1. Which cross-chain or sequence-distant (5 or more) residues have an amide H under 5 Å from the amide H of residue 141, H modelled 1.01 Å from N in plane?
2. Quote the FRET efficiency, to the nearest 0.05, computed for residue 86 versus residue 175 with a Förster distance R0 of 30 Å and r equal to the Cβ-Cβ distance.
3. Any chance you could run the full-extension gain for residue 71 through residue 211? It's 0.36 nm times the residue separation minus the Cα-Cα distance, nm to one decimal.
4. Using only alpha carbon pairs under 8 Å that are at least six residues apart, calculate the relative contact order of the range 15-245 and give it in whole percent.
5. Given a Förster distance of 22 Å, report the FRET efficiency between residue 45 and residue 107 from their Cβ-Cβ distance, rounded to the nearest 0.05.
6. Given an 8 Å cut-off on Cα distances and at least 6 residues of separation, report the relative contact order of the range 81-215 as a percent.
7. Quick check: convex hull of the Cα atoms in the range 101-230, volume per residue, rounded to a whole Å³?
8. Dipole size in debye (nearest 20) for the range 15-245 around its Cα centre, Lys and Arg Cβ +1, Asp and Glu Cβ -1?
Amino acid sequence: MSSSSHATPTTRRTFEFGRTHVIRPKGRHQATIVWLHGLGDKGASWAQLLETLPLPNIKWICPTAPTRPVAIFGGYPCTAWFDAGDLSEDGPDDLEGLDASAAHVANLLSTEPADIKLGIGGFSMGAATALYSATCCVLGHYGNGNMYPVNLSAVVGLSGWLPCSRTLRTRIEASVEAVRHAASFPILMCHGLGDDVVAYQHGEKSAQVLSSVGFRNLIFRTYNGLGHYTIPEETDEVCSWLTTRLGLQGSRS
């Protein structure tokens, strides 16, 4: 491995993640899901909504992203899972930031009991990080080549997009195991037609990219008139999909 001396840059950034909120299951613990907030938000704001969902068998973990300079805000610092110059699959990819956040999420899940099903969900930039994590899980490693340590049973992305989409086909088709894993990997994506922050076509194109590289167990839901927020109709869809995909006992504990 003689190339390693110049493959690891000396200027690696370190990321200080914020406060993590945990919502314990009200019923029998069957699944744990890490839920990721959007750009400039924090874990606490989603924890309040998740606590009200009729999913008593899920433990929710809501971390807070590091505060960092963000290119789309001209370098102004705010909470962000990675740096973004554009909230779409066309923007430049901050692979180091994505890998650091995906690893943080996987570490949060790695201490869960062996019989608990694991998932990741998110909104906006959080959805982008969840979808990136799905590709890492299928490939078996992060973008930097380090092994992805957990097995995910479900990924949910609301009002988001897929980072690193341009190179995904090449990376998946290089591995027979990745192709097989992608075919059965469950993903739910939801997007509003009225989204003025992450345009609908970016969510739609990201879903098309995932489908085209072999993610056959993917559902893409469209909501008329929905902007860059969530509505009960959408959260109902997420609840019923998670209940089915994770084999939960439903709304009664």
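Rule-based calculations on the coordinates, nothing more; no lab input. The structure presented is a predicted model; accordingly, all values stated were derived computationally and were not measured. Using ideal geometry, Cβ is built from the backbone for each residue, glycine included, and neighbour counts are taken over all protein chains shown.
1. Amide H neighbours of residue 141, under 5 Å, 5+ apart: 148.
2. The pair residue 86/residue 175 has a calculated efficiency of 0.55.
3. 47.4 nm
4. 17
5. For residue 45 and residue 107, the calculated efficiency is 0.50.
6. Averaging sequence separation for qualifying contacts and normalising by length gives 25 percent for the range 81-215.
7. In the range 101-230, the Cα convex hull volume per residue is 101 Å³.
8. Using only the charged Cβ atoms, the result is roughly 700 debye.
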